[in-house]
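The values are calculated or read from the model by the stated rules, or taken from the named source; none is laboratory data. Everything numeric here is computed off the predicted structure, so don't read it as measured data. Note that each Cβ is placed from the backbone with ideal geometry, even for glycine, and that neighbours are counted across all protein chains shown.
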Amino acid sequence: MNEQQLREGIVEVGRRLYARGYTASNDGNISTRLDDRRLLMTPKSVCKGFMSPDMMVITDLDGKKLSGDRDPSSEMQMHIEVYRQRPDAQAVVHAHPPIATGFAVAGIPLDRAVLAEVVTTLGSVPIAEYATPSTKELPEAVRKYVKAHDGMLLANHGALTLGSDLFAAYYKMETIEHFAHISLVARLLGGERLLSRQEVDRLQGLRGMYGIASPAPICPPSDVEGPDESPLGPSTSLRAGDPPSCQTVLAPETGGARLVRDAARGAVGKDGEIRLTYLELTALIEAAVRELK
Ligand SMILES: [Zn+2]
């Protein structure tokens with residue numbers, strides 16, 4: 001894409017962010033690589049819903065302004081950090097979509113294995129620790145997660161995504177907000193029924209088939225804590241140990257208390273008989289034995 005097309009792309013992404021309520025007032029910012037030494041980004045203090053292509057600012061990779069009538073986004077350093085850490089990133093989008101930001105405010109990462117397409121594309125969506133916006137603390141908080149994740153929540157702030165072009169980054173923002181919305185509804189209805197670890201492994205094998213592949217593998221089960229027992233509880237909080245080289249996804253091994261609850265809820269026949277496969281029955285007996293010990 002040439003420079004004019006990139007300018008128009010930023011305008012269109014800004015319009016969509018604002019139209020969908022992902023930003024209010026002058027919130028949010030968008031950037032893209034112009035070439036291997038320059039960035040094109042939204043200016044400071046404009047509503048992203050009403051931009052024109054000529055408003056954009058060109059900076060170098062250290063954030064020094066090279067051209068443009070306006071000043072670059074106040075969150076420029078966060079964008080620059082993403083480009084430094086991820087040579088494959090061509091574009092970065094930051095917004096405050098309300099449901100995902102609600103999870104970020106509540107301290108609940110979107111890291112449960114719930115939707116197949118999210119497991120295969122984004123993987124998990126962690127929360128970068130709180131940092132004052134526009135300070136250098138924010139790029140530092142982002143640095144920890146950006147190598148292994150294409151999207152993250154920013155604690156008490158919003159969300160950040162990156163992609164191979166402007167729209168790829170924007171669509172990841174849509175996916176995060178959609179995932180957050182579905183997770184919220186599921187929690188209101190009694191809690192998500194998680195995909196099993198075996199299914200997550202299978203989905204991981206399908207990564208890349210849809211043209212989008214998350215940047216790091218899912219962490220092996222030993223690195224992951226089990227899901228909180230309370231479906232509505234504060235559940236998973238910030239996990240300090242989220243390693244940069246893999247993604248934390250909560251998925252239970254088949255069996256355990258969760259299966260008992262699911263089996264009792266879902267597989268009861270008309271006559272009150274609970275139907276289980278041989279594997280489920282074995283898992284139930286093993287879980288019961290574990291609890292006796
Ligand atoms: Zn923000």
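Scan region 78-99 residue by residue and report those that are touching a residue at least 24 places away in the same chain (Cβ under 8 Å), surrounded by fewer than 19 Cβ atoms within 10 Å (Cβ to Cβ) and more than 17 Å from LEU153 (Cα to Cα).
Within region 78-99, GLN85, ARG86, ASP88 meet the criteria.
In region 26-59, which residues are among the hydroxyl-bearing types (Ser, Thr, Tyr), within 25 Å of GLY102 (Cα to Cα) and either in a helix (DSSP H, G or I) or over 23 Å from the mean Cα position of the chain (by Cα) (or both)?
SER45
For the list (1) of a type outside the set (Val, Ile, Thr); (2) more than 16 Å from the ligand (Cβ to nearest atom); (3) touching a Gly at 6+ places or on another chain (Cβ under 9 Å), I need the number of the one condition that LEU61 fails.
(3)
Could you list all residues from region 21-57 that are loosely packed, with under 14 Cβ neighbours inside 10 Å and within 16 Å of the ligand (Cβ to nearest atom)? Let's see the steps before the verdict.
If we filter region 21-57 for residues that are loosely packed, with under 14 Cβ neighbours inside 10 Å, which is where we start, we get 21, 25, 35-37, 45, 50, 52, 54.
Result: GLY21, SER25, SER45.
Can you work out which of the residues in region 83-111 that are over 14 Å from the mean Cα position of the chain (by Cα) and within 15 Å of TYR170 (Cα to Cα) is farthest from the ligand (Cβ to nearest atom)?
It comes out as GLN90.
Against the condition touching a Phe, Trp or Tyr at 6+ places or on another chain (Cβ under 8 Å), among the hydrophobic types (A, V, I, L, M, F, W, C) and in a loop (DSSP other than H, G, I, E, B), how does VAL114 come out, does it pass?
On the way: touching a Phe, Trp or Tyr at 6+ places or on another chain (Cβ under 8 Å): yes; among the hydrophobic types (A, V, I, L, M, F, W, C): yes; in a loop (DSSP other than H, G, I, E, B): yes.
Judged against the criteria, VAL114 is a match.
Considering only residues that are at pLDDT 95 or above, within 15 Å of the ligand (Cβ to nearest atom) and surrounded by fewer than 23 Cβ atoms within 10 Å (Cβ to Cβ), which ones fall in region 131-169?
ALA155, ASN156, HIS157
Residue-wise test of (1) within 24 Å of ARG20 (Cα to Cα); (2) in a strand (DSSP E or B); (3) not small (Gly, Ala, Ser).
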{"site": "SER74", "(1), (2), (3)": "yes, no, no"}
{"site": "TYR83", "(1), (2), (3)": "no, no, yes"}
{"site": "ASP88", "(1), (2), (3)": "no, no, yes"}
{"site": "THR101", "(1), (2), (3)": "yes, no, yes"}
{"site": "GLY123", "(1), (2), (3)": "yes, no, no"}
{"site": "THR132", "(1), (2), (3)": "no, no, yes"}
{"site": "LEU138", "(1), (2), (3)": "no, no, yes"}
{"site": "LYS144", "(1), (2), (3)": "no, no, yes"}
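Specify the residue that is farthest from the ligand (Cβ to nearest atom); the eligible residues are those in region 1-20 that are of a type outside the set (D, E, K, R) and surrounded by fewer than 19 Cβ atoms within 10 Å (Cβ to Cβ). First the steps, then the outcome.
Our first condition is that a residue be of a type outside the set (D, E, K, R); within region 1-20, this holds for 1-2, 4-6, 9-11, 13-14, 17-19.
Subsequent filtering for residues that are surrounded by fewer than 19 Cβ atoms within 10 Å (Cβ to Cβ) retains 1-2, 4-5, 19.
On the way: MET1: 26, ASN2: 29, GLN4: 27, GLN5: 26, ALA19: 18 Å.
Looking at residues that are of a type outside the set (D, E, K, R) and surrounded by fewer than 19 Cβ atoms within 10 Å (Cβ to Cβ), I get ASN2.
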